[in-house]
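I have placed the structure first, in the form of structure tokens, so that the comments after it can refer back to it.
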Amino acid sequence: MSLYSFDGQGLKKMILGSTNLLARQKSEIDALNVFPVPDGDTGNNMYLTLLAAAKAIQDLETCHIGEVAEAAAQACLMGARGNSGVILSQLVRGFAKALEGKEKANALEVVEALEEGAKLAYQAVMNPVEGTMLTVMRRSAVAARTAVLRNYDLLRVMIITLREARLALQETPELLPVLKEAGVVDAGGRGYVVILEGILSVLKRVEDFSLLKDFAARQEDKFAKGFSRELDTEIQFTYCTEFLVKGSQISPDAIRHELVPYGDCLMVVGSGRLVKVHIHTNHPGLVLENCLNYGSLHEVSIHNMKDQYQQNQKQAPAPEKEVGIVTVGSGEGIIEIMNSLGADAVVVGGQTMNPSTEEIVRAIQGVAARGVLILPNNKNIILAAEQAAKMIKDKDVKVVPTRTVPQGLSALLAQQPSGNLDENFQRMSEAARSVVSGEVTRAVRETTCNGLQIKQGDLIGITEGAIVTVGQDMNRVVKELVANMLEDDHSLVTLYYGLDAGDTAEEIFNDLKQSYPELEFELHYGGQPLYDFLISVE
């Protein structure tokens, strides 16, 4: 069988096919995370980004490939999560740019679209690193160009493209030593290979186009036929839903991944016997029904945000100020601290739950200020924040590149309410750079990293992106981490303890004060999931 061109209907099915395949393999991609920390979410981020496109195009009444590609690109742009999601969104944007105005695409035009996509993906990253998904995208596009010079059969071209992508993926550890040490290939590169596999699987059975269905659409059709979506445009999800799940050996990650398609502002915190769930959704009943599989439900609270919005609209709007601040954080203690330090909006997110570009855009638009500073507080959210900033046309928006929560809190402390946007950007950026950040969590798999032998379940201490201590005793791991972080000119150490560290936090705090009587120590409840301690040294 040969295929020499396809239209927008074919492109829809390819995107849906890739989305379905990513849905099945996202957990395997997540597990490729170099660090054995519980925030390997590359697969989930790429899936959610492409899922946004799948939802946007599945009901489009057009067979024009340029129009379908443009709709997919816009949806990916808004739905992008994490660095891998943003890079993927730029690939789709390049694809749409190359296909603009076309009703159909032949093999040569598809190759040009892949080349343009790889080009824009590289441009999205300030310092591109080889051995990542960028390498896999570029090399597969080069292979596609070589293939199309020999044969215009699209199926053959994509087979060669996928073959080169797989080869490039297997070679990523040779380009990045951290991958080789951890014994894994690049997670984003693997995600891109899965997408190509999804496309090729559709091309191989063109006659079965009509049988493919989007995973999330099936779920919504099954449980929510006839649901009215006549909502105010300001509110995409009507019901703020919160509750506790009580059971035994509850997995927050499993609940989180299951609930992602049903709303936004998702937060699942806790572990073991008790988990708290917060989500904005149009289907609270479906959310509750899913969570009944994990245990009993308690303290269920469902609020209609549309009613709250309409009530708020009747009140006088807040006066517009010079500079507003949008920050990202998770944990009730961390969020409360951020609000108390002057954040105008806190986007719920962080490790394992990177917010989408759209969530950040909505937060910016909700701030009554002429200029807005964004604090991502996570290296995997910076690209999404920068993408959101570019989409705002009626405000001056800048991203303070905070890579950790301690950096973000230090930046908030440095803000000057009377200063303008540029002055505050400089002050807050300098404050963030002055902080040494650390964190303590548990390893999710056995690996070797930074020369340390790590077993699943071990406590690991991380500072500035490097694992520096491993052990089973929390007190010892925290003290060794702090010792590694300290320098002669430091005077203040602040600890933010998480959901599961309450029993040991005070004891560790007192031991540190005795060990370093010349330093000042502060202890705060952060309530963050997964990370027992976040530590800042200044």
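The values are calculated or read from the model by the stated rules, or taken from the named source; none is laboratory data. Keep in mind that this is a model prediction, so the values were computed, not measured. Glycine also receives a Cβ, built like all others from the backbone with ideal geometry; neighbour counts cover every protein chain displayed.
Structure notes:
- If only residues of the stretch 496-526 that are in a loop (DSSP other than H, G, I, E, B) and of a type in the set (A, V, I, L, M, F, W, C) are counted, the one that is surrounded by the most Cβ atoms within 10 Å (Cβ to Cβ) is L499.
- Within the stretch 244-258, the set of residues being crowded, with 21+ Cβ neighbours inside 10 Å and modelled with pLDDT of 85 or more comprises V245, I255.
- When G408 is tested against (1) out of contact with any Leu (no Cβ under 7 Å at 6 or more places or on another chain); (2) surrounded by 23 or more Cβ atoms within 10 Å (Cβ to Cβ), just one condition goes unmet, and that condition is (1).
- Among (1) out of contact with any Cys (no Cβ under 7 Å at 6 or more places or on another chain); (2) at pLDDT 85 or above, the one test that V268 misses: (2)
- Residue match in the stretch 290-297 (condition: over 21 Å from the mean Cα position of the chain (by Cα), part of a helix (DSSP H, G or I), surrounded by fewer than 19 Cβ atoms within 10 Å (Cβ to Cβ) and modelled with pLDDT of 80 or more): yes
- Taking the stretch 315-416 and the strands (runs of 3 or more DSSP E) fully enclosed by it, the elements with 1 or more residues that are of a type in the set (S, T, Y) are at 321-329.
- Yes/no for T402 being modelled with pLDDT of 90 or more and over 14 Å from F425 (Cβ atoms): no
- Set I87, I65: member being surrounded by 24 or more Cβ atoms within 10 Å (Cβ to Cβ), of a type in the set (A, V, I, L, M), farther than 27 Å from G131 by Cβ and outside the structural domain of L459 (by TED's automatic domain parsing): I65
- Identity of the residue in the stretch 323-365, without any contact (Cβ under 8 Å) to a residue 60 or more places away in the chain and more than 21 Å from the chain's Cα centre (by Cα), that ends up surrounded by the most Cβ atoms within 10 Å (Cβ to Cβ): G324
- Among the residues of the stretch 425-484, those identified as farther than 30 Å from A414 by Cβ, assigned to a loop (DSSP other than H, G, I, E, B) and not β-branched (V, I, T) are A443, R445, E446, N450, G451, K455, Q456, G457, D458, Q472, D473.
- Pair list, Cβ < 9 Å and 6+ apart or interchain, from the stretch 492-513 residues that are farther than 20 Å from G329 by Cβ to residues that are of a type in the set (S, T, N, Q) and assigned to a helix (DSSP H, G or I): T504/N475; E507/N475; I508/N475; D511/N475
- Number of the condition not met by A105 [criteria: (1) in contact (Cβ under 8 Å) with a residue 24 or more places away in the chain; (2) surrounded by fewer than 22 Cβ atoms within 10 Å (Cβ to Cβ); (3) not acidic (D, E); (4) not in a helix (DSSP H, G or I)]: (2)
- Unique match (being within 24 Å of the chain's Cα centre (by Cα), at pLDDT below 95, under 19 Å from D7 (Cα atoms) and not assigned by TED's automatic domain parsing to the domain that holds A466) among G188, G198: G198
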